[in-house]
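Some notes on the structure that comes next.
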Amino acid sequence: MSTMLRLSNTLSGKTEDFRPFDGKLVGMYSCGPTVYDYGHIGNFRTFVFVDLLRRFLRQSGYKLNHVMNITDVDDKIIRNAAQHKLSVRDYAIKYEDAFLEDMKTLNLQQPEHLVRATDYIQQMAQFIAQLEKRGFAYRTEDGSYYFRIAKFPEYGKLSKKDFAGMEAGARVDVDEYEKDDARDFALWKSPKPGEAFWETEIGPGRPGWHIECSVMAREFLGDSFDIHLGGEDLIFPHHENEIAQSESLTGKAMAHFWVHSRFLLVEGEKMSKSLGNFYTLRDLLLMGHKASSIRYLLASVPYTRQLNFTFDGLKQAAQSVDRLRNFKLRLQTGKFPQGSNPKFAQLAEQTRLKMRAGLEDDMNTSVALAAVFDMVREVNASADAGEIKQDDVAPLLAVLDSFDEIFDVIRDGDNEKTRAAMEWARSVGKISPEQAAALEHSLSDEQVEALIAERNQAKRSRDFSKSDEIRNQLSDAGIVLEDTKDGVRWKRK
Ligand code: AMP
Ligand code: ZN
């Protein structure tokens, strides 16, 4: 299935038709996490968007070569590692592992290559040596290296900043800066006393943040590739600097599409620790929110719009996921008369096309969601009126499967994820007494099924005190039993 996907390209400032260079294989690079702390929901908004795009490209028949870096060395990591008296590696690995777990919690697919900056230090030094040879980089007295932006007249083409009149040779050596004025940025930092460093062909030191992405992208994707992704905060300086480094060396366009997701705000404000509105994924799970609601909410607003994260929105997301799950359950377990009504196969096909059309239109997830909910509403009404027949079920379920190939919220693993978050919180002493008690009582799906079978057995042998005891145990664990004519159904409170 080929696609006419259109994407907003920050570089051209336009929404353009997407076609990969090679026709079938999409080379893409997304900037990954800096592993100095647990990932927050803003980070995950961007990672969820990247995941949706990945999945849609695959559903459209493309093969992917997707690279994501893990920034496991930067100013913050070095500072925090020193504070905790740990090596950079020992400090960063804890947060790298946490990030990988969080990716699983949110059903984020693994990129084809997930690469650590510290595994490519020698390649970074080589890259910088070549830039120096061609006059794009210079060494300062202390052994640091800077990129000479005056040598790269296209500097500013991504962020559309006008750097005319900039002061040649002015330098900035921190990894993050927001200044609008262009200054030569650090490619390599010589070690300060007590700081971690690597021995390389350009001397001892550590890489700047920007060089790692230029180097790792080139290692895996070559001089030019199809899509470069990240949150909008990366446009300047990070991506502008990646372009300067890569394109001055290769003379070729680094990426065809530069795609940026707009920021996530919390209750209309920028997330910040001082405002008390700073949430990690783990914070939300420990507050009792389900992984599927969080993924749904992050996915529901198109990447081209800011996402205003609210707790009200999260509650609605949970209801939407429930609605989809109940709908699927109804189709799977309902007793429908034999036969078919062609109207429903048509509705299924129309819904599939509308979902696709929404996603092709610059990954407009809200259009895709509206299409699927229109179908749910219509089919539910028809089922209430007794119009659905046995053979109508399969095409309707197939649409839900195709939806879930992208959105991946109907498949339920919420309980295991919440338990894992609680176990983690317990291991680091972050859990309240109520949460610890709930964890003691909580049961996995398999345990619930086994207890229900035991209770049925007890009822059959008229051991009512045992069957009541099991019912109470289930109730303490938040499990509600419903005795129906088709047997016992259960759900979580
Ligand atoms: P970092 O770990 O800070 O390097 O960020 C990892 C990714 O999260 C980058 O693509 C950032 O652009 C993105 N990001 C950070 N904060 C937010 C936010 N509030 N909303 C959306 N994306 C964000
Ligand atoms: Zn990057």
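The values are calculated or read from the model by the stated rules, or taken from the named source; none is laboratory data. On a predicted model such as this, the values are computed, not experimentally measured, just so you know. With ideal geometry, Cβ positions are generated from the backbone for all residues, glycine too; neighbour counts draw on all protein chains shown. Quick note on the areas: whole protein, heavy atoms, side chains included, nothing else; ligands and nucleic acids left out. Shrake-Rupley method; radii C 1.70, N 1.55, O 1.52, S 1.80 Å.
Over region 369-493, all Cα pairs binned in 10 Å intervals from 0 give whole-percent P(r) values of 10, 27, 27, 26, 10, 0, listed from short to long. Diffusion coefficient (Stokes-Einstein, Kirkwood radius over C-alpha pairs, 20 °C, 1.002 mPa s) for the chain: 85 µm²/s, rounded to a whole number.
On average, how much accessible surface per residue is there in region 274-407, in Å², for a 1.4 Å probe, leaving out ligands, DNA and RNA?
Accessible area per residue, region 274-407: 44 Å².
Once the Cα atoms are used to define both axes, helix 121-133 deviates from the longest principal axis of the chain by about 40 degrees.
Excluding ligands, DNA and RNA, the accessible surface per residue across region 6-261 is 40 Å² with a 1.4 Å probe. Whole-Hz Karplus values for region 107-119 come out as 6, 7, 5, 6, x, 4, 10, 10, 10, 8, 4, 5, 8 Hz, taken residue by residue from phi with 6.51 cos²θ - 1.76 cosθ + 1.60 and θ = phi - 60°; glycine and proline positions read x. Packing, taken as the mean count of other beta carbons within 10 Å per residue, orders the peptides 314-323, 327-336, 91-100 from highest to lowest as 91-100, 314-323, 327-336. A helix-only calculation puts the chain at -15000 deg cm²/dmol for mean residue ellipticity at 222 nm, using -39500 (n - 2.57) for each DSSP H run of at least four residues, averaged over all residues. If the chain linking Asn326 and Glu16 were pulled fully straight, counting 0.36 nm for each residue of separation and taking away their Cα-Cα distance, it would gain 107.8 nm.
The Cβ shell under 12 Å around Gly251 holds other residues with a net charge of -1, Lys and Arg each +1, Asp and Glu each -1. Extension gain for Asp391-Asp468 works out to 23.7 nm (0.36 nm per residue, less the C-alpha to C-alpha distance). Taken about its Cα centre, the chain carries a charge dipole of about 840 debye when Lys and Arg each add +1 at the Cβ and Asp and Glu each add -1 at the Cβ. Working note: Karplus 6.51/-1.76/1.60 with θ = phi - 60° gives region 367-373 the couplings 5, 4, 5, 4, 4, 5, 6 Hz, where Gly and Pro are set to x. Taking label points 7 Å from Cα along the Cα-to-Cβ direction, Arg492 and His84 give a separation of 2.8 nm.
Scaled against 2.2 N^0.38 Å for its residue count N, the alpha carbon radius of gyration of region 269-384 is 1.31. Taking the Cα centre of region 369-416 as reference, the dipole from Cβ charges on Lys and Arg (+1) and Asp and Glu (-1) amounts to some 180 debye. Counting protein heavy atoms only, the chain has 49 percent of its accessible area on carbon and sulfur, 1.4 angstrom probe. For region 48-62, backbone phi angles converted through the Karplus equation (6.51, -1.76, 1.60; θ = phi - 60°) give residue-by-residue couplings of 5, 4, 4, 5, 5, 5, 3, 5, 5, 4, 5, 4, 7, x, 7 Hz, Gly and Pro being listed as x. Note on Met271: accessible area approximately 30 square angstrom, rounded to 10, probe 1.4 Å, nucleic acids and ligands left out. Our compactness index for region 6-261, the C-alpha radius of gyration over the empirical 2.2 N^0.38 Å, is 0.98.
The stretch between Trp424 and Asp162 holds 89.5 nm of extra length on full extension. This uses 0.36 nm per residue minus the Cα-Cα distance. The P(r) of region 194-305 has a tail past 25 Å containing 46 percent of all C-alpha pairs.
Approximating the spin labels as points 7 Å out from Cα along Cα→Cβ, the Glu112-to-Asp401 distance works out to 2.6 nm.
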